[in-house]
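To keep things clear, I will list the structure first and then write my remarks on it.
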Amino acid sequence: MLRDIYRESPAVQEWLAEGRAEGRLLTEQELVLSLLARRFPALVPELEPHMRALQDPDRLRALLLAFCDTFDPEAARALFLTTDL
């Protein structure tokens, strides 16, 4: 019962929402990195730090889809470095 009261608190709701958003962001980053490691393992050391720094889930999703359609490592690198996918 006390747990329900805490969960209904606006502050707790905000913390929970932040935690879910952070979890989704980490999942997006991991998906992109997994695909990158599978398709272009040589690019991982170069791009992983930049990928982990990305905080825009829409950009991460766009990268994931773009990497699915890319077969050349140089094209993948260029996709990552472009500002608008």
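The values are calculated or read from the model by the stated rules, or taken from the named source; none is laboratory data. All figures in this text were calculated on a predicted structure; none of them were measured in a lab. Every residue, glycine as well, gets a Cβ built from its backbone with ideal geometry; the counts of neighbours run over all protein chains shown. When the accessible area is computed, the model is the full protein with side chains, heavy atoms only, and any ligands, DNA or RNA have been set aside. Shrake-Rupley method; radii C 1.70, N 1.55, O 1.52, S 1.80 Å.
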With only helices counted (DSSP H, runs n ≥ 4, each -39500 (n - 2.57)), the per-residue ellipticity at 222 nm for the chain, to the nearest 500, works out to -25000 deg cm²/dmol
With Cα springs under 10 Å, the Gaussian network model of the chain assigns the largest mean-square fluctuation among LEU63, LEU25, LEU35 to LEU35
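Considering only the other residues whose Cβ falls under 11 Å of the Cβ of GLN55, what net charge follows from Lys and Arg at +1 and Asp and Glu at -1? It would help to have the intermediate numbers written out before the result.
On the way: positive: ARG52, ARG59; negative: GLU22, GLU28, ASP56, ASP58.
Here the charged neighbours net out to -2.
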For ALA78 and ALA53, extending 7 Å from Cα along the Cα-Cβ vector and measuring point to point gives, in nm, a value of 2.3 nm
Candidate span helices, the chain: DSSP H, at least 30 Å along axis from Cα coords, Kyte-Doolittle average at least -0.5, result 10-39
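Where the only charges are on Cβ atoms (+1 Lys, Arg; -1 Asp, Glu), what is the dipole of the chain about its Cα centre, to the nearest 20 debye?
Numbers: 10 positive and 15 negative charges, 45 e Å.
About 220 debye.
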With ALA42 itself left out, Lys, Arg at +1 and Asp, Glu at -1 over residues whose Cβ is under 15 Å from its Cβ give -1
Computed curve, the chain, Cα-only Debye sum without solvent term, log₁₀ I(q)/I(0) at 0.16, 0.20, 0.22, 0.26 Å⁻¹, is -0.62, -0.83, -0.97, -1.28
Given a 1.4 Å probe, the accessible area of the chain per residue, as a whole number of Å², is 70 Å²
Descending accessible area (1.4 Å probe), largest on the left, turns GLU28, GLU22 into GLU22, GLU28
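What's the carbon and sulfur percent of the chain's accessible surface, probe 1.4 angstrom, rounded to a whole number?
Values: 3600 of 5980 Å².
The value for the chain is 60 percent carbon and sulfur by accessible area.
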